[in-house]
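Q: One structure is given below, represented as structure tokens, and several questions about it will come after.
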Amino acid sequence: MAKRRTRVTLQKTTASRAGRVWAAAHITIAVVVFVVALLAVLPPQSYRLFQARLVASEGSAWTLLAACLVLLTARPGRRGFVVATLAVLSIAAAATPIVRAQPVASSLPGRLASAFGRLPETHVAVTRRRAPLVIRDLIGGVGLPDLVPRTIVYATVDSRELLMEVFTAQPSRAVTPGVIVVHGGGWRGGTRTEFSGLGRHLAGLGYVVASVDYRLAPGWPFPAARDDVAAAIAAFKAHALEIGLDTNRLALVGRSAGAQLALLAAYTLHDPAVKGVVSFYGPTDLAYGYEHPADPKVFDSTSALVAYLGGRLLDRPVAYRMASPIEYVGRATPPTLLIHGTPDELVEVEQSRRLDRRLREAGAPHLLLELPWASHACDYFLRGPCGQISTYAVERFLARVLRGGERD
């Protein structure tokens, strides 16, 4: 009898200890999920927190799922109440990017059709995403073709080889439109290998996609990078036979600093082969950018501009003007798709809004796709709300401007 009581007591003690451990772990998990959820909605106060916010915002579906599991496993009692409260708050915060993406996704097909013309049914084959935002893809991800790029030396400057990586899923005898992707990095960093997901995706749709390097500041200030992008376009065409490129149908896609370069090339080269340009959160008015810098705790945009343009605005006003795509807008400006997050901490959304107004005044076909929840570089995660919506927009924009004359 005494042994049985001892055994029962030990079992109760063990169960009590396990319960306390579980309760402590449960609260810890709830707090961690809550902090991650908050990162998706709070403005960052440092570059590290900006990076964390980017991941939390575009991966918010996973946080939402975790918060729901925490809520479902909450037990009665005071600690359970704390856990449940944190879980509910986490659900509200984590759901914010997805909820705010819904109206953007709903209106996007109509806005694209209004800006660039409705995509003919015969062109749907060159798009893959059937809807701007697919909830299951937020968790399951977006499949990409397994393509191995071909590296080409497109120029040699100052004994340095400049490279491009070419993705193509077409047989070499096929001739298809081309897309040139220009990386970001504040003109001082970045490489052609960054953000390869969209390039592989577009290659899988039948485009020849080239991602290019260029000379970086401060070693090579403006106009070195601009000249390199122009040289990359010429070299892309020169390799047309071996890569199956239609040299009469090209589009440029740039991110951040690369968007400034892509816009500048599209607007100033006056190349009839360039049928359109896509800018992801690009600076378009560099004088405005100098006068309205980003929060230096997050990103020192002033030093980036000074390095790129060889001096301050007061010392180099002509360079700031010459490097600003907004200065070259006219009726002949190629169709332009602008994609920008409203709370962008590195490049103010006003940069795209200013170009949007100038394009509207000139009567040039364009669309500003503003994403009210999205951070800078939000398209890095193709599965996220920004990644899905921007990929849908780019697919249809390219189909219209590069294939619009095929079977209309």
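The values are calculated or read from the model by the stated rules, or taken from the named source; none is laboratory data. Given the structure is predicted, the values throughout are model-derived calculations rather than measurements. Because the Cβ atoms are built from the backbone with ideal geometry, glycine has one as well, and the counts that use them run over all protein chains shown.
Q: Working carefully through the options Leu309, Leu359, find the one that is assigned by TED's automatic domain parsing to the domain that holds Asp379 and more than 29 Å from Pro44 (Cβ to Cβ).
A: Sole residue among the options that is assigned by TED's automatic domain parsing to the domain that holds Asp379 and more than 29 Å from Pro44 (Cβ to Cβ): Leu359.
Q: Continuing with the same structure: With the structure loaded, tell me whether Arg128 is out of contact with any strand residue (DSSP E or B) (no Cβ under 8 Å at 6 or more places or on another chain) and under 25 Å from Leu54 (Cβ atoms) or whether it fails that test.
A: Considered against the rule, which asks whether it is out of contact with any strand residue (DSSP E or B) (no Cβ under 8 Å at 6 or more places or on another chain) and under 25 Å from Leu54 (Cβ atoms), Arg128 comes out as yes.
Q: Now for a different question. Filter region 61-119 down to residues that are under 28 Å from the mean Cα position of the chain (by Cα) and assigned to a loop (DSSP other than H, G, I, E, B) and give me whichever is modelled with the lowest pLDDT.
A: Leu119
Q: Among the listed residues Tyr308, Tyr290, identify the single one that is free of Cβ contacts under 8 Å to residues at least 60 places away in the same chain, hydroxyl-bearing (Ser, Thr, Tyr) and part of a helix (DSSP H, G or I). Before you say what the answer is, go through the steps one by one.
A: Working: Tyr308 fails: free of Cβ contacts under 8 Å to residues at least 60 places away in the same chain.
Going through Tyr308, Tyr290 in turn, just one is free of Cβ contacts under 8 Å to residues at least 60 places away in the same chain, hydroxyl-bearing (Ser, Thr, Tyr) and part of a helix (DSSP H, G or I): Tyr290.
Residue by residue, here is whether (1) within 30 Å of Val394 (Cα to Cα); (2) surrounded by 17 or more Cβ atoms within 10 Å (Cβ to Cβ) holds:
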residue: Leu65; (1), (2): yes, no
residue: Arg78; (1), (2): no, no
residue: Pro97; (1), (2): yes, yes
residue: Ser114; (1), (2): yes, no
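Q: Being in contact with an Asp or Glu (Cβ under 6 Å, 6 or more places away or on another chain), within 18 Å of Asp227 (Cβ to Cβ) and not in a strand (DSSP E or B) is the filter here, so list the residues in region 156-200 that pass it.
A: Across region 156-200, the qualifying residues are His183, Arg192.
Q: Here's something else I'd like to know. Identify all residues within region 120-157 that are among the acidic types (Asp, Glu), at pLDDT 85 or above and out of contact with any Lys or Arg (no Cβ under 6 Å at 6 or more places or on another chain); write none if there are none.
A: Asp146
Q: Please list, ordered by first then second residue, the pairs with beta carbon atoms under 8 Å, 6 or more apart or interchain, first in region 15-36 and assigned by TED's automatic domain parsing to the domain that holds Ala92 and more than 26 Å from Gln51 (Cα to Cα), second of a type in the set (D, E, K, R) and modelled with pLDDT of 85 or more.
A: none
Q: Find all pairs meeting these conditions: Cβ atoms under 7 angstrom apart; at least six residues apart or on different chains; first residue within region 206-226 and without any contact (Cβ under 8 Å) to a residue 40 or more places away in the chain; second residue of a type in the set (Gly, Ala, Ser) and crowded, with 18+ Cβ neighbours inside 10 Å.
A: No pair meets every condition.
Q: If we scan region 347-361, do we find a residue that is assigned to a loop (DSSP other than H, G, I, E, B) and out of contact with any strand residue (DSSP E or B) (no Cβ under 6 Å at 6 or more places or on another chain)?
A: yes
Q: Of the numbered conditions (1) within 25 Å of Gln388 (Cα to Cα); (2) surrounded by fewer than 17 Cβ atoms within 10 Å (Cβ to Cβ), Pro177 satisfies every one except a single condition; which is it?
A: (2)
Q: Could you please find all residues in region 217-257 being out of contact with any Ser or Thr (no Cβ under 9 Å at 6 or more places or on another chain), within 27 Å of Gln170 (Cα to Cα) and not aliphatic (A, V, I, L, M)?
A: Asp228, His239, Thr247, Asn248
Q: Just to verify a result, which residue in region 316-345, among those that are aliphatic (A, V, I, L, M) and within 28 Å of Phe50 (Cα to Cα), is nearest to the chain's Cα centre (by Cα)?
A: Ile339
Q: Take Gln351 and decide whether it is crowded, with 20+ Cβ neighbours inside 10 Å, within 18 Å of Leu261 (Cα to Cα) and either touching a residue at least 60 places away in the same chain (Cβ under 8 Å) or not hydrophobic (A, V, I, L, M, F, W, C) (or both).
A: For Gln351, the condition - crowded, with 20+ Cβ neighbours inside 10 Å, within 18 Å of Leu261 (Cα to Cα) and either touching a residue at least 60 places away in the same chain (Cβ under 8 Å) or not hydrophobic (A, V, I, L, M, F, W, C) (or both) - is met.
Q: In region 242-266, how many are surrounded by fewer than 24 Cβ atoms within 10 Å (Cβ to Cβ) and in a helix (DSSP H, G or I)?
A: Summing the residues that are surrounded by fewer than 24 Cβ atoms within 10 Å (Cβ to Cβ) and in a helix (DSSP H, G or I) in region 242-266 gives 2.
Q: Among the listed residues Ala323, Ala273, Ala287, Ala304, which satisfies the condition of being over 24 Å from Ser390 (Cα atoms) and surrounded by fewer than 20 Cβ atoms within 10 Å (Cβ to Cβ)?
A: Values: Ala323 fails: surrounded by fewer than 20 Cβ atoms within 10 Å (Cβ to Cβ); Ala273 fails: over 24 Å from Ser390 (Cα atoms); Ala304 fails: surrounded by fewer than 20 Cβ atoms within 10 Å (Cβ to Cβ).
After ruling out the rest, the residue left standing is Ala287.
Q: In region 362-384, which residue that is assigned to a loop (DSSP other than H, G, I, E, B) and of a type in the set (A, V, I, L, M) is farthest from Ile98 (Cα to Cα)?
A: Ala364
Q: Test of understanding: among Phe195, Phe222, which residue is under 19 Å from the mean Cα position of the chain (by Cα) and among the aromatic types (Phe, Trp, Tyr)?
A: After ruling out the rest, the residue left standing is Phe195.
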